[in-house]
Amino acid sequence: MDWSLTFVIITFAIYIGIAIWARAGTTADFYVAGHDVHPALNGMATAADWMSAASYLSMAGLIAFLGYGGSVYLMGWTGGYVLLALLLAPFLREFGKFTVPDFVGDRYYSVAARLIAVVCAMFISFTYIAGQMKGVGVAFSSFLGVEYNLGILIGMAIVFVYATFGGMKGVTYTQVAQYVVMIFAYTVPAIFISLIITGNPIPQLGFIGDAKGTDMSMLAKLNETVTGLGFQAYTETDKSMLDVFCITGALMFGTAGLPHVIIRFFTVSSAKAARYSAGWALLFIAILYTTAPAVGAFARLNFIDTVNEATYIEGDIDEIDYTAAAEAIVADGGKPVPTWYKTWEKTGLLKYDDVNGDGIMQYRGPNAPDGLANEVSPNNDIFVLANPQIAQLPGWVIGLVVAGGLAAALSTAAGLLMVISSAVSHDLCRKTFFKDMDDKTEMLIARLAAGAAVVAAGLLGIFATSLPFVAQVVAFAFGLAAASLFPIIFLGIFWKRMNREGAIVSMLFGLVTTFWYIVHFKFVDTDPSHWFTGISPEGIGFVVMWVAALIGILVSLVTAPPPQHVQDLVEDIRIPGMQEARATAAPAE
Amino acid sequence: MSQDVKEVDAKGYWRAVLTLTISLFVIWFLVSYGAGILFREFLDQFSVGGAPMGFWFAQQGAIYLFGLLILYYCIAMNRLERKFGVKG
């Protein structure tokens, strides 16, 4: 545990150091890091911005339990970058402003459209940020012996420093550092666990290789093992194909519509740089996202090998003589519960309930052939956290994993804070209510808004512990981004005829319908048989998105076309360099 | 400078961009929704190393190909910009 503290202190010191170095001088620095971040660095920052505490801690474990069903996260959260690179990022960069509502307001020549976009952006960001702050609190309370609320306060203080002083510039360079911490902490244990399970040091190759010491493929062995215990085969799912399709779609289009991801592409120097940057971002994300399914599969296999049918040893591992007890069990021809299990049991992430009273840990699925009841319930997060110990790595690696988890949560929280603060200072104040505000005042308000947003996010994190449904509301963020923001941004670029009326109706329809469906089926009527054609609340954003786009098109067609200067704007952002050329050619326009 | 604005064949450039974009999205759809979801069961009779092919596409292959798609797009767009004299 001392190692964890050391790493956390070192990494936090680095983040503060970067904040001091990267002070923002102008609003352009504050909102978009001066438009001059290198594409590869922005790619790294985007990767850290994007990969949250959930990607880092929970995803591999989620895949371990869902098997093929976990593919929705893998394809959904990476495929969105193709949409970003080809459909949005370069054009929005060419547009050259600061925020997502900025684009919506100018493109749809409407204050109302801008305000609705502000509501969407704020709503999406606040739902997302609550989960991050909760992750920070959990990391502190479980591993550093710091109280949950105090942990959140420390996290808030750190983000406060670099977000309010450095703005997007500070956030960008801290995210680069956070990416490095995160990816190192994720891949090192993955390499060792891959060696243990498959004998291959590269997890992606071990994933398709043979299980160590056998001539059976790792996945075939995993299938055989899990079905033997009454679980579903690892390479199958019980979700319907339609639902898998829709959830993947909602996550993909949601990714492309998330404001904190989009604004990262405003920080590079040109449309071309934005394209390359999306490529870099996907590369950096793919390192974690192709490792995660391997870690998930290895961890599941290892968990069953070491825990199932093991003889339980009672008591706190720090107080009992584990070694002696384990030796006694081995002498009896049994298998003792592994050390890592006993260590992590204290965090409450692993639960053992000796249903049949035989002292042996039976891990079983719902259709166990031997009819025994399941006695072991692991939490999803345990697999990433316990990996270093399972792989018998030295104590400092565990410290690194904790620092990595904090990096993942803080980097995402900071990106979201920038969306919230710029929506307040730029879109609400400068562009809507106080149009004659100068740059300096706007900066001050941006800093104050970032500070206020940090406090609000922290309170959400503290308050959220009493809410049982934090994990579930993440479905909101993606569904809403896909259904409300994606269609009008896309149509705004690719269809000149799309007008103000169409955009407003489309956004409102997407927002309200998706919101209603998720609230209704997550909290009011939780019976899946009532879902619309079997589509889960996680996947509904994908369906609503198409309807919202269609409604937007129809409304646009029956109302007046956008004014000429807006149509010119659309033509200009399609062709890099056109806006500048036009401005020089006709300065008096 | 007004000469520069006119010299660019904006329509031709945009048409070329759209053709490229649509072709890449066809591949995008085929490797993820196609291979990973719709045709997974069919593809699962083949394998990539020790993994059923449809499953492999859903958990590995699609991600690699997404990366290659973006890389190809960047290169092809550079070529288009040069061809049409657009400032990249």
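Report yes if some residue within region A:44-60 is free of Cβ contacts under 8 Å to residues at least 24 places away in the same chain and closer than 17 Å to A:Leu283 by Cβ; otherwise report no.
If we filter region A:44-60 for residues that are free of Cβ contacts under 8 Å to residues at least 24 places away in the same chain, which is where we start, we get none.
No: region A:44-60 contains no residue that is free of Cβ contacts under 8 Å to residues at least 24 places away in the same chain and closer than 17 Å to A:Leu283 by Cβ.
Can you confirm whether region A:12-29 contains a residue that is at positive phi and in contact (Cβ under 8 Å) with a residue 12 or more places away in the chain? There is no residue in region A:12-29 that is at positive phi and in contact (Cβ under 8 Å) with a residue 12 or more places away in the chain.
If you check A:Val261, A:Val268, A:Val295 for being in contact with a Lys or Arg (Cβ under 9 Å, 6 or more places away or on another chain) and surrounded by 24 or more Cβ atoms within 10 Å (Cβ to Cβ), only one passes: A:Val268. Taking every residue in region B:48-60 that is more than 7 Å from chain A (Cβ to nearest Cβ) and pairing it with any residue that is buried (at least 24 other Cβ atoms within 10 Å of the Cβ) and assigned to a helix (DSSP H, G or I), at least 6 positions away or on another chain, the pairs with Cβ-Cβ distances below 6 Å are B:Gly54/B:Arg40; B:Phe57/B:Gly36. Within region B:19-34, the set of residues being within 19 Å of A:Gly67 (Cα to Cα) and more than 10 Å from chain A (Cβ to nearest Cβ) comprises B:Gly34 only.
Restricted to region A:99-138, and to residues there that are among the aromatic types (Phe, Trp, Tyr) and crowded, with 24+ Cβ neighbours inside 10 Å, the residue that is nearest to the other protein chains (Cβ to nearest Cβ) is A:Phe103. Taking the criterion of being part of a loop (DSSP other than H, G, I, E, B), aliphatic (A, V, I, L, M) and surrounded by 15 or more Cβ atoms within 10 Å (Cβ to Cβ), the residues of region A:334-364 that qualify are A:Val337, A:Leu349.
Restricting attention to region B:61-80, the residues that are at the interface with chain A (Cβ under 7 Å from one of its Cβ atoms) and either more than 16 Å from the chain's Cα centre (by Cα) or among the hydrophobic types (A, V, I, L, M, F, W, C) (or both) add up to 8.
Scanning region A:132-156 for residues that are over 21 Å from the mean Cα position of the chain (by Cα) and under 18 Å from A:Ala48 (Cβ atoms) yields a total of 0.
No other residue among A:Leu74, A:Leu62 is crowded, with 24+ Cβ neighbours inside 10 Å and in a helix (DSSP H, G or I) apart from A:Leu74.
Residues of region A:533-543 include at least one that is over 26 Å from the mean Cα position of the chain (by Cα), under 24 Å from A:Met241 (Cβ atoms), part of a helix (DSSP H, G or I) and at pLDDT below 85.
If you go through region A:370-380 and keep only what is part of a strand (DSSP E or B) and either among the charged types (D, E, K, R) or out of contact with any helix residue (DSSP H, G or I) (no Cβ under 7 Å at 6 or more places or on another chain) (or both), you end up with just A:Ser377.
Suppose the filter is touching a residue at least 40 places away in the same chain (Cβ under 8 Å), outside any helix (DSSP H, G or I) and closer than 17 Å to A:Asn302 by Cβ; does A:Asn367 pass it? Let's see the steps before the verdict.
Numbers: touching a residue at least 40 places away in the same chain (Cβ under 8 Å): yes; outside any helix (DSSP H, G or I): yes; closer than 17 Å to A:Asn302 by Cβ: no.
No: the conditions fail for A:Asn367.
Scanning region A:239-295 for residues that are over 23 Å from A:Gln178 (Cα atoms), more than 8 Å from chain B (Cβ to nearest Cβ) and outside any helix (DSSP H, G or I) yields A:Lys239, A:Ser240.
Across region A:315-335, not a single residue is classified as within 14 Å of chain B (Cβ to nearest Cβ) and at negative phi. Residue count for region B:4-18, restricted to those that are facing chain A (nearest Cβ under 9 Å) and modelled with pLDDT of 90 or more: 4. In region A:165-219, which residues are charged (D, E, K, R) and either assigned to a helix (DSSP H, G or I) or more than 14 Å from every other protein chain (Cβ to nearest Cβ) (or both)? Answer for region A:165-219, where residues must be charged (D, E, K, R) and either assigned to a helix (DSSP H, G or I) or more than 14 Å from every other protein chain (Cβ to nearest Cβ) (or both): just A:Lys169.
For region A:425-453, a residue qualifies if it is β-branched (Val, Ile, Thr) and modelled with pLDDT of 85 or more, and the qualifying residues are A:Thr441, A:Ile445. Being in contact (Cβ under 8 Å) with a residue 12 or more places away in the chain and part of a helix (DSSP H, G or I) holds for only one residue in A:Ala139, A:Ala157, and it is A:Ala139. For A:Gly552, the stated conditions do not hold, so it cannot be described as within 14 Å of chain B (Cβ to nearest Cβ) and either surrounded by 14 or more Cβ atoms within 10 Å (Cβ to Cβ) or more than 19 Å from A:Leu87 (Cα to Cα) (or both). Return yes when A:Leu115 is in contact (Cβ under 8 Å) with a residue 24 or more places away in the chain, out of contact with any Gly (no Cβ under 6 Å at 6 or more places or on another chain) and within 18 Å of A:Pro487 (Cα to Cα) and no when it is not. Against the criterion (in contact (Cβ under 8 Å) with a residue 24 or more places away in the chain, out of contact with any Gly (no Cβ under 6 Å at 6 or more places or on another chain) and within 18 Å of A:Pro487 (Cα to Cα)), A:Leu115 qualifies.
Of the residues that sit in region A:178-206 and are of a type in the set (Phe, Trp, Tyr) and surrounded by fewer than 24 Cβ atoms within 10 Å (Cβ to Cβ), which one is nearest to the chain's Cα centre (by Cα)?
Narrowing region A:178-206 to residues of a type in the set (Phe, Trp, Tyr): A:179, A:184, A:186, A:192.
So of that shortlist, the ones also surrounded by fewer than 24 Cβ atoms within 10 Å (Cβ to Cβ) come out as A:184, A:192.
Values: A:Phe184: 18, A:Phe192: 25 Å.
Here the answer is A:Phe184.
The values are calculated or read from the model by the stated rules, or taken from the named source; none is laboratory data. Note that the coordinates shown come from a computational prediction; the quantities given were computed from them, not determined experimentally. All Cβ positions, even for glycine, are placed from backbone atoms using ideal geometry, and neighbour counts span all protein chains on display.
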